[in-house]
Every structure is written in C-alpha cells, then in structure tokens.
Amino acid sequence: MLKSKLPFTEEHNLLRDTFRKFIEKEIKPYHEQWEKDGIVPRELWLKAGENGFLCPWVEEKYGGIGADFLYSVVMLEELTKAGASGFALPLHNDIVVQYIGAFANDEQKERWLPGCVSGEKISALAMTEPNAGSDVQSIKTTAVKDGDCYVLNGQKTFISNGLLADVVVVAAKTDPKADPPYSGISLIVVERGTPGFERGKKIHKIGMKAQDTAELFFDDCRVPANNLLGSEGAGFFMMMQKLQPERLVCAIGGLAAAEKCIELTVQYTKERQQFGRPIFSFQNTQFLLADLASEVAVGRAFLDRLIQDHMAGENVVTETCMAKLWICEMANRVADRCLQLHGGYGYCEEYPISKFWVDGRIQTIFAGTSEVMRLIIARSLGKE
Ligand SMILES: Cc1cc2nc3c(=O)[nH]c(=O)nc-3n(C[C@H](O)[C@H](O)[C@H](O)COP(=O)(O)OP(=O)(O)OC[C@H]3O[C@@H](n4cnc5c(N)ncnc54)[C@H](O)[C@@H]3O)c2cc1C
C-alpha cells in the first residue's frame, strides 16, 4: 500500500496511538449492540471529550488546543478502519462545529464551543428536506423574524445525530421570496429543548446502523434572533464554503475504507484454501487485487496533495469534488470486488468486509451525490 506522505509529526502519531486504544476499549466491544439500538450513548461523546478527541482545532480560550487538520485526518482514518461507523465524530468535529468556528460571533462561540469540545453539546446540520435534497436552494423551512426571535416552521429529514443533537445548525428561508432563491437562505442554531422543536422517527438505514439519523420538525419554533449565524441571506454561501471540508472528509473516509478492504482481503485470500491452495495464488485474485491496490495508490497521491492544499487555505472546491466523486466511487468498487473475493463469507455480517460494503455505500450519496459532483466539475471545465 502506498504510504501517506502527509507531514505527520510525533504528536499526530501519539494521537493515532491513543485514539486507536480508545476505539479498542470504548467503541469496539459495544458497537454491535449500538447497531441494534440504532444510536450510540451520550457517554461515548463525553468520554471522547474528556480525552480531548472532540474538536481539538477549537481555540484554547474555548477549550480546544488549536490543532491542525491532520488531527482530523488521523481520527477519521482510525474510526473508518475500525469499522466504527456509528460514532459521528467526523461530522461533529469537521463539519458542523466548523460552522460555529467560522461564522459565529464571540458571544455565540462562548455559548456553544466549550460544550462541543467537552461532548456535552452534540451537533447536527439540517439542510435536507423531504422535497429538497440535491437542490438545497429549494428548501421550504421558513424562519420569520418576530421581535427578538425567529419563528421556524418546516421539516428536515436524514439528519445525522438528529436524535442526539443538542445544537442543530438549521438552513431556513428568512426571505422565501428572494430572487435568486438561495439568497434568502440563512443558518440558525436551534438548541435542544426549544419549544416547537420535535424529533421525528429514527430512520432505519441499510448501513451505518449505529449512527442515528432522524427527521426534525419545527412548529412555530421560536428561536432567539441572536442564534443566527453570520448575516441573514448568507446561509447558502456559508454552506458552499463549508462543503469543501465536508467533501474532503468523505474522500478521506472513502480512501481509508478502500485501504482497509484491501488489507482484509489480502489476509483472507492468503488464508482461505480452495482446490488445495490459497485463493490468493489464483492469478485472477492477484490481478484483481493489483488493480484495486493501484487505484487506491492513485487516490492516495491525489488526496495527500488536496489535504495539504486545503491546510494551506487554498480554494480547491473543484478538486475536492473530483476527489469525493472518484475516491468514493472507487471505494465502493473496491469494497464490492473485495467482498466477491470473500465468497459467501463476505455476505455474512461477522466478516468485516460486509460492513465496509454496506457502510460505504452512502459515501457517493451524502454531502452531494456523485452526479452533483459531476455537475460542479463540469461547470469549471474550460475556465482554467
Ligand atoms: C445516512 C444519511 C445521512 C445524511 N446526513 C445528512 C445530514 O446530516 N444533514 C443533511 O442535511 N442531510 C443529510 N443527508 C441527506 C443527503 O445529503 C441527501 O440524501 C443527498 O443530498 C441527496 O438528496 P436526496 O436523497 O433527496 O436525493 P435526490 O436529490 O432526490 O437525488 C436522487 C437522484 O437524482 C440525482 N440527481 C438529482 N439532481 C440531479 C441533477 N441535477 N442532475 C443529475 N442527477 C441528479 C441524484 O444524484 C440521485 O442519484 C443524509 C442522508 C443519508 C442517507
């Protein structure tokens, strides 16, 4: 496997070691039960917070250590390779709380960030609605200003951490008649316990079963006006800005999963004997694994470069869409072919390859589908 050339330091290596131990002790023994429950316990979040694994990038004055993005890379890789798909730490650390870090004012940061670091405040991001998925700007949830509040009405679906979340960044129309429609979207933080904010049913998914995904409802839900992130009408631009790291996170997870699938399959095919010899010795097995390993290596080189560009503050929106598109599609291909090499055992839940196959399937759908990635990439063509 092509080794990552990312500039990991002793500190990152130490984090990898301690986080791996945390997964072994606090996650692996319980994950199967959490899959049955459809949710992870809040205590897991608190333990992760106690150990400094939540939002380490946050400034020291709000409880973090001002860590760099490689901390996120390390934890994302380790969670993925362990098959710990139920703990939505990357969503919290690298997607939702990033909105607060980037767009909240000082008073809001003081209110929310320390809890996000300690694990007392679990976060979620609510964009998708039953009739607004890929077409985010067609959302119907409204937030009408009334005195010192916004009154929210509408429904969200597919919200990760939907049941556990204490702070939800909600995309809503503060100006439903705005033209173009995206200019009427704002982001408002809705907190647990706000009257009129209800959780709907837990959505039963084919994979990532321990991660709670839920519907949310807002019925004359009065939210203090000072829960608005940034300015009114800027929501769509904020989402577009934060989709770069979100898609990068998907690509990092996809690549880590593909690497793990190959590792598992090389090991399995060297052990499994048929026709009196290991199935790894068949030329078909070797050629297939060689093809897949080559694809993963190409992905690794591209991803390493993108991560470094992202860390250098470069605008790599199109390249990130390319990485999400290609790496996540590739990861599904790899998981599928590796499952095939496991034969019937690959179809059994006790073999980890089956989990990679089913858990990874979402990667080409959320954070923008592969088709949406193609649309964005195509728009940039001819403009270099
Ligand atoms: C497990 C899970 C977790 C999720 N977590 C969250 C979350 O935390 N927060 C959140 O807001 N959302 C979340 N989502 C929602 C996710 O982002 C959407 O499912 C995704 O954006 C696609 O929207 P959709 O499901 O409505 O599909 P649709 O938009 O209806 O798309 C259906 C198909 O049509 C294609 N299509 C759509 N438009 C075009 C076009 N213009 N050209 C070509 N093809 C097109 C799509 O690519 C897709 O293949 C989650 C979803 C899942 C399943």
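Where a number appears in this text, it was derived from the coordinates with a stated rule and is not lab data. Model, not experiment: these values are computed from the prediction. Positions of Cβ are backbone-derived with ideal geometry, glycine not excepted, and every protein chain shown enters the neighbour counts.
Give me Asp304, Asp68, Asp359 sorted ascending by neighbouring Cβ count inside 10 Å, so fewest comes first.
Working: Asp304 18, Asp68 14, Asp359 25.
Ascending Cβ contact count within 10 Å gives the list Asp68, Asp304, Asp359.
Under a Cβ-Cβ cut-off of 12 Å, what is the net charge of the residues other than Phe280 that fall near it, where Lys and Arg count +1 and Asp and Glu count -1?
Charge balance near Phe280 sits at +2.
Which of the GluC sites (Glu not before Pro) found in region 263-349 are in a DSSP loop and have at most 13 neighbouring Cβ atoms, other than their own, within 10 Å? Let's see the in-between values first.
Values: sites: Glu263, Glu271, Glu295, Glu314, Glu319, Glu329, Glu349; in loops: Glu314, Glu349.
Those satisfying the criteria are Glu314, Glu349.
What are the ³J(HN,Hα) values, in whole Hz, obtained from phi via the Karplus relation 6.51 cos²θ - 1.76 cosθ + 1.60 with θ = phi - 60°, for each residue of region 160-175 in sequence order, with x given for Gly and Pro?
Running phi through 6.51 cos²θ - 1.76 cosθ + 1.60 with θ = phi - 60° gives 5, 6, x, 7, 7, 4, 9, 10, 10, 7, 10, 8, 9, 8, 8, 9 Hz.
Using 0.36 nm per residue, how much length does the chain from Gln108 to Asp179 gain when fully extended, once their Cα-Cα distance is taken away?
Value of the extension gain: 22.6 nm.
If you place +1 on the Cβ of every Lys and Arg and -1 on the Cβ of every Asp and Glu, how big does the dipole about the Cα centre of region 10-121 come out, in debye to the nearest 20?
Values: 13 positive and 20 negative charges, 57 e Å.
For this selection, approximately 280 debye.
Note the full-extension length gain between Asp336 and Gln241 as 0.36 nm times their separation in residues minus their Cα-Cα distance, in nm to one decimal. List each step's numbers first, then the result.
Numbers: separation 95, 0.36 × 95 = 34.20 nm, distance 3.26 nm.
Gain in length upon complete extension: 30.9 nm.
Note down the relative contact order for region 81-235 as a percent, whole number, built from C-alpha pairs under 8 angstrom at least six residues apart.
Working: 335 pairs, mean separation 40.8, N = 155.
The value is 26 percent.
In whole angstrom, note down how far apart the Cα centers of region 273-319 and region 20-96 are.
Taking the Cα centre of each part, region 273-319 and region 20-96 sit 25 Å apart.
List the relative contact order of region 1-159 as a percent without decimals, with contacts defined as Cα pairs under 8 Å and 6+ residues apart.
21
Where in region 322-344 does the amide nitrogen come within less than 20 Å of the point 7 Å from the Cα of Asn284, taken along Cα to Cβ?
333-344
No partner Cβ under 4.7 angstrom, meaning no disulfide-compatible partner by this rule: which Cys of the chain qualify?
Singleton cysteines: Cys55, Cys116, Cys149, Cys221, Cys250, Cys321, Cys328, Cys348.
Along the Cα→Cβ direction, 7 angstrom out, place labels at Asp68 and Glu349. What is the inter-label distance in nm?
So the label points at Asp68 and Glu349 sit 4.2 nm apart.
With only Lys, Arg, Asp and Glu charged, each at its Cβ (+1 for the first two, -1 for the last two), find how big the charge dipole of region 144-300 is about the Cα centre; round to the nearest 20 debye.
Its charge dipole is roughly 620 debye.
Under a plain spin-label model, where a point goes 7 Å from the Cα along Cα-to-Cβ, how far apart in nm are Arg379 and Glu32?
Between Arg379 and Glu32, the simple spin-label model gives 4.7 nm.
Given the peptides 203-211, 281-289, arrange them by the average over their residues of other C-beta atoms within 10 Å, most packed first.
The packing order, highest mean first, is 203-211, 281-289.
Between Ala301 and Leu14, what is 0.36 nm times their sequence separation minus the Cα-Cα distance? Round to one decimal in nm.
Contour length minus the Cα-Cα distance gives 101.0 nm.
Run the dipole for the chain about the Cα centre, Lys and Arg Cβ at +1, Asp and Glu Cβ at -1, nothing else charged, and hand back the magnitude in debye, nearest 20.
Values: 43 positive and 51 negative charges, 199 e Å.
Dipole magnitude for the chain comes out near 960 debye.
In Å and from the alpha-carbon atoms only, list the Rg and Dmax of region 231-384.
My reading of the Cα-based Rg and Dmax gives 18.1, 69 Å.
Over the chain, what lengths in whole Å, largest first, do the semi-axes of the equivalent ellipsoid take, defined as the square roots of 5 times the eigenvalues of the alpha-carbon gyration tensor?
They are 37, 22, 21 Å, listed from largest to smallest.
Amide H neighbours of Ile122 under 5 Å, at least 5 residues apart or on other chains, H built in the peptide plane: list them.
Correct list: Asp166, Val167.
Count the net charge of all other residues whose Cβ sits under 14 Å from the Cβ of Glu43, scoring Lys and Arg as +1 and Asp and Glu as -1.
Summing Lys and Arg as +1 and Asp and Glu as -1 gives -1.
Measure nothing fancy, just the Cα-based angle from helix 69-81's long axis to the longest principal axis of the chain, in degrees from 0 to 90, nearest 10.
50
Scan around Gly200 for amide H atoms under 5 Å from its own, H built in the peptide plane at 1.01 Å from N, and keep only partners 5 or more places away or cross-chain.
Hits under the 5 Å cutoff: Glu215, Leu216, Phe217.
Taking neighbour counts of Cβ atoms within 10 Å as a proxy for exposure, in what order, fewest first, do Ile376, Ile100 appear?
Ascending Cβ contact count within 10 Å gives the list Ile376, Ile100.
Strictly over 20 Å apart at the Cα level, which of Lys61/Lys242; Lys28/Lys81; Lys21/Lys81; Lys81/Lys355; Lys81/Lys242 would you flag in this model?
Pairs exceeding the cut-off: Lys61/Lys242; Lys81/Lys242.
Per q in 0.17, 0.26 Å⁻¹, report the Debye log10 I(q)/I(0) for region 306-381, using one uniform scatterer on each alpha carbon and no solvent.
Here the Debye-derived log intensity ratios amount to -0.71, -1.08.
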